[in-house]
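Computed from the coordinates by the stated procedures, all read-outs in this text should not be read as laboratory data. Because the structure is a prediction, the values reported are computed rather than measured. Note: ideal-geometry Cβ built from the backbone for every residue, glycine included; neighbour counts use all protein chains shown.
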Amino acid sequence: MKIAQSLQQIQPSYIREILADAQAEGVISLAGGLPDGESFPMALMAQSLNNLAIRPELFQYGHTAGYGPLLDYFKQTYQQADNHSSVVCTGSQQGLDLIARAFLNPGDTVVMEAPSYLGALQVFGLAQANIESIEQRFDGPDLTQLEAKFATGNVVMFYAVPDFHNPTGVCWSLAVRQKVAQLCIQYGVTLIEDVPYRELRFNGNAQPLVSSFCKDNALVLRSFSKIATPGIRLGVVTGKTEWINPLIKVKQSSDLHSSVPMQAVLLDLLSHGQFNEHLETLRALYHTRYLTLAEQLNQKLPAGCKFNHVDGGMFIWLSLPACDTYKLAKAAIDNNVAVVPSAVFYRQGETIYPAVRLNFTNAAEAELETAVDRLVTAINKTLG
Ligand SMILES: Cc1ncc(COP(=O)(O)O)c(C=O)c1O
């Protein structure tokens, strides 16, 4: 059997491919977007998990849109208007896939910032969309480039990660948020606002969602991977009911529904009296780790390497002098530290800025120090 044409051009996820190497004994991984496993809120979920054994009704087939009480919780928490609703998905990654399958025909144009979240590149690639990239500045997308794309009249959606972007860590300013929302309304482009890192802000004040300025022109993807655990595989898409209904239809044919027992556990967790405390602890831990990594880099990096400060999320984007970033990532893993080369975050044929993505949430502080020593050795070796 031949592989479908749509799949032939998709690059496998570099990060998933190197996961085995990155997890090998002795290797410190700054590669994955892994939250700190020891901070999983197991204690807050323990009672709920224990109770599953006496709640057999949760193990019956459920509704495709999601577990009713969880949907009610979202309605209230997100203060959804009467004409808005939610669909729970198997990780926000599935939400993205549902959106692409429900709303894109081959050749339709999707705009994204470059570099881009790899999982989104894969989804839009599989949907055979025409992906057009615009550059990212320190405070969000290049607005001139964005408007020029929108003005062609061909753009169906703009996919964005405005809070602590993956891979760059950039968080959009308020002015950029307002302008992007205005442009989406003006040109009739749907904003796909993907916010898995939004709750991981450890510095400064939260910015409003971009979609709060263009509620009827947006679909919002939220993930519970970073604030609960990735293994429960739960996310949610919210937006106008007339746009959520097609997603539910696609999900019916995809997996019928996401795990109901896990949705019930998630609801118990989100409503737990100590959940906010858990989030505070997590933010404080990630802040400390970020400061450690940043300080180590500042002390040890060779000339020509630089990075911007981040106020949250999971990543530092380390810009490098001209070099082959795959070669550097290989030299790094040979030296027992895993990083992700910038090339994997760009589409083929695009200008690739030499950089590596460094995760600071999974390794402990002492490991971060050793990781930087190893990385600097690999950088010096690669740059000659
Ligand atoms: C920007 C972005 N969107 C979506 C996802 C997928 O998250 P989930 O685990 O909810 O599927 C990730 C995962 O790292 C991500 O970085």
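Close amide H contacts of GLU132 (hydrogens built in the peptide plane, cut-off under 5 Å, sequence separation of 5 or more or a different chain): VAL110, VAL111, MET112. Hey, what D do you get for region 51-270 in µm²/s if you plug the Kirkwood alpha-carbon radius into Stokes-Einstein at 10 °C and 1.306 mPa s? After rounding, the answer is 90 µm²/s.
Build a GNM of the chain with springs between Cα atoms under 10 Å apart, and of ALA120, ALA24, ALA371 the one that fluctuates most is ALA24. What you get for region 51-270, charging only the Cβ of Lys and Arg (+1) and of Asp and Glu (-1), is a dipole of about 260 debye around the Cα centre. Provide the net charge surrounding VAL176, with neighbours chosen by a C-beta distance below 14 Å and charges set as Lys +1, Arg +1, Asp -1, Glu -1. The answer is -4.
When each of ILE352, ILE379, ILE10, ILE99 is scored by the number of other beta-carbon atoms lying within 10 Å, the sequence from fewest to most is ILE10, ILE352, ILE379, ILE99. Would you please classify the overall shape of the chain from the alpha carbon gyration tensor, given that a ≥ b ≥ c denote the square roots of the eigenvalues, rounded means a/c under 1.5, and beyond that prolate means a/b larger than b/c while oblate covers the rest? Here the chain falls in the oblate category. Normalising the average separation of contacting C-alpha pairs (under 8 angstrom, six or more residues apart) by the number of residues puts the relative contact order of region 51-270 at 28 percent. How many lysine pairs in region 51-270, separated by 8 or more positions in sequence or lying on different chains, have Cα atoms less than 15 Å apart? Qualifying lysine pairs in region 51-270: 6.
Each Lys or Arg adds one and each Asp or Glu subtracts one; over the other residues with Cβ under 14 Å from the Cβ of TYR73, this totals 0. Distances between every pair of Cα atoms in region 311-378, grouped in 10 Å steps from 0 to the bin holding the largest one, split as 20, 52, 25, 3 percent. Kirkwood-type hydrodynamic radius, region 2-82: 18.0 Å, calculated from all non-identical alpha-carbon pairs.
Can you order the peptides 264-273, 158-167 by their average number of other Cβ atoms within 10 Å per residue, highest first?
158-167, 264-273
Rounded to the nearest Hz, the phi-derived 3J(HN,Hα) couplings of region 233-242 under the Karplus curve 6.51 cos²θ - 1.76 cosθ + 1.60 (θ = phi - 60°) are 6, 10, x, 8, 10, 10, x, 4, 4, 5, where x marks glycine and proline.
Each residue of region 22-38 was assigned a 3J(HN,Hα) from its phi angle through the Karplus expression (A = 6.51, B = -1.76, C = 1.60, θ = phi - 60°), giving 5, 9, 5, 4, x, 8, 9, 9, 10, 8, x, x, 8, x, 6, x, 6 Hz with x at Gly and Pro. Each label point was placed 7 Å from the Cα along the Cα-to-Cβ direction; for ASN276 and SER254 their separation is 3.3 nm. For ALA355, the residues whose amide H sits under 5 Å from its own are LEU320, SER342, ALA343, ignoring neighbours fewer than 5 places away on the same chain, with H placed 1.01 Å from N.
Determine the sum of side-chain charges near ASN83: Lys and Arg each +1, Asp and Glu each -1, restricted to other residues whose C-beta is under 9 angstrom from that of ASN83. Within the 9 Å Cβ shell, the charges total -2. The relative contact order of the chain, computed from alpha carbon pairs under 8 Å that lie at least 6 residues apart in sequence, is 23 percent.
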